[in-house]
1. Just name the residue that is farthest from residue A:3 (Cα to Cα) out of those in the stretch B:87-107 that are open to solvent by less than 10 Å² (accessible area, probe 1.4 Å) and either within 11 Å of chain A (Cβ to nearest Cβ) or in a loop (DSSP other than H, G, I, E, B) (or both).
2. Looking at the structure I just gave you, is residue B:198 of a type outside the set (Phe, Trp, Tyr), within 24 Å of residue A:76 (Cα to Cα) and surrounded by fewer than 20 Cβ atoms within 10 Å (Cβ to Cβ)?
3. Can you tell me which residues in the stretch B:145-173 are at pLDDT 80 or above and small (Gly, Ala, Ser)?
4. If you scan the stretch B:43-72, which residues turn out to be in contact (Cβ under 8 Å) with a residue 40 or more places away in the chain, open to solvent by 10 Å² or more (accessible area, probe 1.4 Å), more than 7 Å from chain A (Cβ to nearest Cβ) and over 15 Å from residue B:193 (Cα atoms)?
5. Exactly one of these conditions fails for residue B:184: (1) modelled with pLDDT of 90 or more; (2) more than 10 Å from every other protein chain (Cβ to nearest Cβ). Give me its number.
6. Filter the stretch B:14-29 down to the residues that are open to solvent by 50 Å² or more (accessible area, probe 1.4 Å) and within 14 Å of chain A (Cβ to nearest Cβ) and list them by number.
7. Which condition number in (1) aliphatic (A, V, I, L, M); (2) modelled with pLDDT of 80 or more; (3) surrounded by fewer than 18 Cβ atoms within 10 Å (Cβ to Cβ) is the one that residue B:140 fails?
8. Residue B:32: touching a residue at least 24 places away in the same chain (Cβ under 8 Å), buried (at least 17 other Cβ atoms within 10 Å of the Cβ), over 15 Å from the mean Cα position of the chain (by Cα) and facing chain A (nearest Cβ under 8 Å), yes or no?
Amino acid sequence: MRALISAVVLGFTLLLTSPTFADDGPATGDAGAETAAEERAAQFVGVTGPDAESIPGGVLLLTAYAIVWALLFLFLLRLRGLQRQTAEELERLSAEVQASEGR
Amino acid sequence: MNIRARQSGNATVWALLLFATLALFGVTLYMVFVVAPVEKQMGIVQKIFYFHVPSAYAMYVGFGVSAVGSAMYLIKRSPKWDALGVAGAEVGTLFCLIVLLTGPLWARKAWGVWWTWDPRLTTTLLAGMIFAAYLALRSMGSAGEVEKRFAAGLALFGLIDLPLIHYSVQRWRGVHPTVITGKGGGLESEMYWALSLSFVAFTGLAILLIWARASAERQREEAASLRFELMHR
């Protein structure tokens, strides 16, 4: 319980202090200046006709999707290995428990 | 309800969720690659967005579940909450890795660089590092009570970073796009539907993975307590 209270106190302290120090604050002087959020891309527009690309986006896209599926596959493989290993160990331990009870 | 009936019910819910998630992924892929248009400025590479953003959401789900499981473990000291904490941290880290690897591929085309110390990128990396530390701590042999409690505290510390990731694009200067906002997104209708379906599919996937991993962790705990019992006979 003490660890939980300490973690919560630390959490609130960090939550309150870090944004305060890191915040750039509102823009001063220029009344028409954009805020930090407004300066960024805020819209994705669909293309209407064929459009040439300078960097081949297809390769980057394919790599990204391959990464997603490869990582998911590796995770599932690891999970399966873990489950199999635990099941075998549980079986072995149960047999040992039964053997020790029979003695 | 007896244990066998509950297990059978769980298996049915699991199978239904698995089927629904797989079907949703099929529809999502069709929406992303066939229905949603190519983005005017970035071209086809913008389609990374449909897996990158929902992966970030699944990361929030994983880390959030880990923090809840950890908090409950610190209060109740029940192994089932600890298992949930571990499962959430692992699944959250998996999706964090996906976010941190797919993001740079999009950034190379959009910003001309693989990585920049933008507030959202930096805070996401920080969350990944906190939960990687959690997993490293838990993987040191069979974790004892002290390690489990310390790891639970670390998960709660990691939780603080999640709102920082979310609000960093609004509060601090950076280059990360803000197409999804409370005022409505800057997305065309087909893009919006592809993204929405992807969000649901990734949420289903995150729940399935957390469920499976928590179940494996509970079995591992069971084996450890059986081993302990045998050693002290």
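The values are calculated or read from the model by the stated rules, or taken from the named source; none is laboratory data. Since we're looking at a predicted model, the values are computed, not measured. Please note: Cβ atoms are built from the backbone with ideal geometry, for glycine as well, and neighbour counts cover all protein chains shown. Accessible surface is based on the protein model in full, side chains and every heavy atom, while ligands, DNA and RNA are left aside. Shrake-Rupley method; radii C 1.70, N 1.55, O 1.52, S 1.80 Å.
1. Looking at the filtered set, the residue picked out is B:107.
2. no
3. B:151, B:152, B:153, B:155, B:158
4. Of everything in the stretch B:43-72, those that are in contact (Cβ under 8 Å) with a residue 40 or more places away in the chain, open to solvent by 10 Å² or more (accessible area, probe 1.4 Å), more than 7 Å from chain A (Cβ to nearest Cβ) and over 15 Å from residue B:193 (Cα atoms) turn out to be B:52, B:56, B:57, B:60, B:61, B:64, B:65.
5. Answer for residue B:184: the failing condition is (1).
6. The answer is B:14, B:18, B:22, B:29.
7. The number of the failed condition is (2).
8. no
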